[in-house]
Amino acid sequence: MTIRPPNGGASAPPSTDPSPADPGERGPLSFRRIDPARNMARFYLLALQPTLFGDVSLVRNWGRIGTKGQAKVETFADGAEAKAALGRIERAKRRRGYVEPGA
């Protein structure tokens, strides 16, 4: 007996945009800044998460690679405000030399 999906086995059309430009839609952002001359090995994570009350939280984690680090959560009433804050912080970290792992 063969079980077929309800759509008759047809697959969904492929996405035309493999990486959305919207910072909140691509999942958590991970950055690293490593400078052996200064004994620096840092990480920085940014993520948007919905709250139980319909707000959006911007979760930031940072610290030395290999440690638990610190965390900060900022809550925004509007998702657009949260995405703007995420973009602002992302640009600041890139200016300071943070890069995505594997880049």
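Since every read-out is calculated from the coordinates, none of them should be taken as a lab result. Values in this document were obtained by computation on a predicted structure and should not be read as measured data. With ideal geometry, Cβ positions are generated from the backbone for all residues, glycine too; neighbour counts draw on all protein chains shown.
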**Prompt:** How high is the relative contact order of the stretch 26-95, in percent, counting Cα pairs under 8 Å that sit 6 or more residues apart?
**Reply:** 23
**Asked** Which values of log₁₀ I(q)/I(0), to two decimal places, follow from the Debye formula for the stretch 26-95 at q = 0.27, 0.28, 0.29 Å⁻¹ with a uniform point scatterer at every Cα?
**Response** -1.22, -1.26, -1.31
**Item:** Exposure proxy order (Cβ contacts within 10 Å, fewest to most) of T75, T67
**Value:** T67, T75
**Prompt:** Using the count of nearby Cβ atoms within 10 Å as a rough guide to exposure, how do R96, R42 rank from fewest to most?
**Reply:** R96, R42
**Prompt:** Hey, with R₀ at 35 Å, roughly what FRET efficiency would A92 and A37 work out to, going by the Cβ-Cβ distance, to 0.05?
**Reply:** 0.95
